[in-house]
Amino acid sequence: MAEQTSSDIDVEVLVIGAGVVGIYALQRALEAGFSARTLEAGDGVGGVWYWNRYPSARFDSESYTYGYIHSKELFEKWRWEEEFATQPEIERYLNFVVDHFDLRGHIRTGQKVVSALWNEADTAWTVTTEKGETIRARWVISATGGLSVPNYPDLNGLEDFKGQAYHTGAWPHTPVDFTGKRVAIIGNGPSGAQILPAIVDLVETVDLYQRTPTWTTPLNNGAITDERNAWLRDNFEEIAAKLGSAANPTGFLHEPAGKFSTADSFEERQAFYEKIWNSPGFAKLTSNYYDMTTNREVNLEFCEFLANKVRSIVKDPVTAERLIPKDHLFGAKRPPFVTNYYESFNNPAASLIALSETPIVRVDESGIETTGGHREYDIIVFATGFDFGTGALTRMGIKGINGLDLSTDWEEGPTDFGGFSAHQLPNFFFPGGPHGAGGGNYPRYSQDQIDWITGTLVHAREHGYERFEPTAEQQESWMTMIETLAPKSIFSAEHSHYYGANVEGKVRKFLLNPGGRAKLHEILDEMTATGDYNGALSTVRESVSAS
Ligand code: NA7
């Protein structure tokens with residue numbers, strides 16, 4: 001077998017995607033001294049925050065807990081305007097980060113990857129883009145996102161519609177003018193719930209098509225004052241340590257309730273729920289009673305509190321009842337946190353169409369027909385979510401050992417190790433992929449993964465390993481953990497994108513890491529306890545002789 005030389009490859013580390021995860025992966029690889037490059041499909045950086053430019057698209061994790069926490073200098077240089085920043089601010093931030101770390105020269109935008117082929121003899125990947133660019137890399141880090149492939153509903157006559165139609169996840173760069181327009185929004189997840197209040201005062205009419213009600217609660221956003229900003233700067237070390245800790249399963253700063261529901265009387269619990277209602281974003285889950293997600297009775301009591309909130313806000317009692325979920329407990333499905341969602345239905349321009357009562361029959365050139373009648377529209381907004389977890393990876397033409405085709409291999413659901421690698425896909429990492437995130441702040445999970453991946457590449461370089469491939473046993477053990485703990489996850493509602501249920505024909509398999517960060521770290525620590533990661537790392541010679 002020929003000696004490996006650096007001329008066999010164009011670059012040591014190829015990152016695919018310049019979103020939150022890809023930017024970090026590129027920076028870490030360069031910092032560790034690898035030659036590295038990024039291919040990005042969009043014409044700019046930002047990933048999900050580049051594509052989702054619909055009105056009022058914003059974080060529902062606090063800006064400074066979602067942003068990067070590995071650099072004090074970066075943390076101090078960027079000043080967030082709002083507790084929960086909007087998309088333009090986030091896109092500006094990510095561009096700032098790229099320039100701060102001098103990454104732009106390593107990123108090629110407008111380069112969508114269409115194939116990635118493993119070549120065992122060269123211990124290298126050949127990656128090709130839609131425009132025909134080909135790059136050979138020793139290691140590939142596919143940071144292509146869990147929510148990057150828009151999911152369109154399978155509706156009769158969709159192609160006949162003559163008005164404007166947009167998906168929230170592929171929003172145009174030129175602003176859409178909603179003034180005086182008749183608008184349909186299909187979907188009431190976080191995206192649909194965000195866009196409704198943003199346009200309701202502009203439109204002639206807006207109809208929200210709801211398949212299943214959600215437990216939407218107020219975001220409780222606010223501007224970051226100078227005092228708050230000074231506090232953030234002064235406490236960077238503590239903030240970074242808390243967010244970065246594997247013992248922090250949610251990756252937020254929220255203070256835990258410190259008690260079980262049984263500690264309080266009925267009246268005290270109602271007062272506590274009021275406090276929770278007024279808390280920021282995800283604190284409604286992370287600062288709630290310890291047993292909120294495990295004790296059905298207390299969760300039902302909280303749901304009744306929320307239902308009464310909806311009834312008190314929404315003036316039309318029929319609409320209010322339609323907005324109240326009946327099929328899942330609070331937290332079982334990823335809840336949206338949005339300002340003025342329920343209030344929007346008090347605007348005479350807004351209507352709720354409950355698809356459980358009047359399903360869509362067809363779309364035609366002028367609008368949408370349900371079993372309740374026909375309504376005309378100038379604009380249809382698809383807020384119908386994404387092919388979560390596996391969407392991008394199964395569309396990238398990835399072929400591993402012996403031509404193993406990832407799209408067919410994962411037909412019955414993804415099998416992986418650590419939520420970022422797979423047996424028979426050597427030297428290929430997909431941080432933020434299926435089983436990547438747990439029930440918490442997405443970038444904190446991805447940072448854990450990237451830090452480990454970068455550490456592995458450095459370890460491999462220092463010890464002469466050229467190949468990383470989780471063994472079949474390591475993968476099986478990880479997948480057993482996923483399957484065993486999935487029913488215990490708080491996001492247990494099977495009718496959710498965390499089970500792939502929103503995509504027509506997709507197999508229903510749990511797509512998060514139900515063991516959380518602690519389990520991930522425990523498993524990875526066990527692996528790294530030996531020099532060759534219990535057989536996952538090898539030299540080219542070893543892998544050839546083993547095959
Ligand atoms: P989500 O949370 O997946 O929500 C998609 C919404 O679209 C949800 O209300 C779905 O109803 C609805 N949907 C999907 N398909 C249809 C069809 N065919 N007909 C009617 N309604 C449909 O996506 P988002 O973009 O809102 O949020 C994605 C992530 O962004 C979120 O997890 C956060 O991380 C932020 P369903 O509930 O399935 O009945």
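The values are calculated or read from the model by the stated rules, or taken from the named source; none is laboratory data. Every value quoted in this text rests on a predicted model; they were computed, and no experiment measured them. As a convention, Cβ positions derive from the backbone with ideal geometry for all residues, glycine included, and neighbour counts pool all protein chains shown. Each accessible area value is taken on the protein alone, full model and side chains, heavy atoms only, with ligands, DNA and RNA left out. Shrake-Rupley method; radii C 1.70, N 1.55, O 1.52, S 1.80 Å.
Structure summary
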item	result
Set of aspartates and glutamates with alpha-carbon distance to Lys519 below 19 Å, sequence-local pairs under 8 removed	Asp416, Asp448, Asp451, Glu473, Glu476, Glu483
Rg/Rh for region 165-231, where both radii come from Cα atoms and Rh is the Kirkwood radius	1.08
Spin-label model distance (nm) - Asn346 vs Asp122, 7 Å beyond Cα toward Cβ	6.4
Whole-Å semi-axes of region 16-71's equivalent ellipsoid (Cα gyration tensor)	23, 16, 5
Residue-averaged 222 nm ellipticity for the chain, from DSSP H runs of 4+ at -39500 (n - 2.57), nearest 500	-9000 deg cm²/dmol
FRET efficiency, 1/(1 + (r/R0)^6) with R0 35 Å, evaluated for Arg508 and Asn156 via beta carbons	0.90
Cα-centred dipole magnitude for region 164-260, charges only on beta-carbon of K, R (+1) and D, E (-1), debye, nearest 20	380
Of all accessible heavy-atom area on the chain, the percent that carbon and sulfur account for (1.4 Å)	50
Gap separating the Cα centres of region 489-528 and region 429-450, nearest whole Å	11
FRET E, pair Asn295, Lys112, Förster distance 56 Å, beta-carbon r, rounded to 0.05	0.75
Solvent exposure of region 414-547 as accessible area per residue, Å², 1.4 Å probe	38
17 Å tail of the calculated P(r), region 112-167, as % of Cα pairs	59
Cα Rg over Rh - region 423-497, Kirkwood	1.03
26 Å Cα-Cα threshold exceeded, pairs from Lys112/Lys242; Lys131/Lys399; Lys259/Lys309; Lys131/Lys506; Lys333/Lys509; Lys259/Lys284	Lys112/Lys242; Lys131/Lys506
DSSP bridge orientation in the chain - percent antiparallel, rounded to nearest 5	40
Estimated inter-spin distance, Thr484 and Glu204, nm [label 7 Å along Cα→Cβ]	6.1
Size-normalised alpha-carbon gyration radius of region 41-141, reference 2.2 N^0.38 Å	1.32
Full-extension gain in nm, Glu462 to Glu227, via 0.36 nm per residue minus C-alpha separation	80.0 nm
All-pairs alpha carbon distance profile, region 161-204, 10 Å steps from 0, percent	23, 63, 14
Along each principal axis, Cα extent of the chain, largest first, Å	75, 58, 45
Size-normalised alpha-carbon gyration radius of region 384-540, reference 2.2 N^0.38 Å	1.02
Region 44-73-region 280-344 distance, computed between alpha-carbon centres (Å)	26
Cut-off under 5 Å, modelled amide H: who pairs with Ile353 long-range	Leu208, Tyr209, Gln210
Evaluated at q = 0.09, 0.11, 0.13 Å⁻¹: base-10 log I(q)/I(0), Debye formula over Cα of region 279-409	-0.46, -0.65, -0.83
Spin-label zone in region 285-303 - amide nitrogen under 19 Å from a point set 7 Å from the Cα of Glu268 along the C-beta vector	287-293, 295, 297-299, 301-302
Nearest 10 degrees, 0 to 90: helix 472-485 Cα axis against the chain principal axis	20
Förster-model FRET efficiency, 22 Å R0, Lys275 and Glu76, C-beta, rounded to 0.05	0.10
